[in-house]
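Asks: I have a structure I would like to understand better, so I am pasting it below and will then ask my questions one at a time.
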Amino acid sequence: MSITKARFWRKFYLIFSLILGIVSPLLCWYMIPDFNPITKPLSYFGVAEITAWYWNASLIIIAFGIYLNAQKATLKLFSKIRARKALDTLLIISVISLIITALFPMDKTIIHRVSAIGFFLAYNLFIFCFGALKSRKYIRQGMFSMIIGSGMLLSSLLLIPFPSYGVFEIVYFLMALIWNGKLMYSRVKKKRKITEGRLSFIASYFF
């Protein structure tokens, strides 16, 4: 497979994962209209017979999308090996935890809870540290990740007024989707500028 085709399929998979992250809970909610996030967590979709296969498969697809999107950015933005290794470790822990959460749904109580907590904490810390390290060179872009990371942590306060994890999970995943979407858009925008710059140079050379 050529580099161009590999990049195309990578971009396709990332876009598909982002769309799936939005569509999947909405579709599951449509399939179970009496679902209430105030009283039930999103993990309920993983044990309900009508949505279990779709929800758990979606989590696995999204987990790989999260890894591909962040790993590519980490590789390009951070040259120091220590910083890259630390971020990669947090990213791998969060992705593996999300996959385990999908493979062992809510009825597998202990494993599911441990893996879910592992994902929420590791991915939250990854985004915050990503921003903190990036702010050394790009303050505004780094602050965006730090704000998202802080917001994801503060969203846990929603566990106080609500009896279920549902509302917290919705807010958490929305911020994660915003961060991933922004990260992917920034990378695509940068590549487009580089391509346009090369084309302008070639045009100026010949004309």
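Asks: Based solely on its DSSP helices, what 222 nm [θ] is calculated for the chain when runs of n ≥ 4 H residues each add -39,500 (n - 2.57) and the sum is averaged over all residues, nearest 500 deg cm²/dmol?
Replies: -28000 deg cm²/dmol
Asks: Residues with beta-carbon under 10 Å from that of Leu75, excluding Leu75: net charge, scoring Lys, Arg +1 and Asp, Glu -1?
Replies: +2
Asks: Quick one: net charge of Val95's neighbours, Cβ under 14 Å, K/R +1, D/E -1?
Replies: Result for the local shell: 0.
Quick note: the coordinates plus some simple rules give every number you see, no bench work behind them. Since we're looking at a predicted model, the values are computed, not measured. We place every Cβ from the backbone using ideal geometry, glycine too, and count neighbours over all the protein chains shown.
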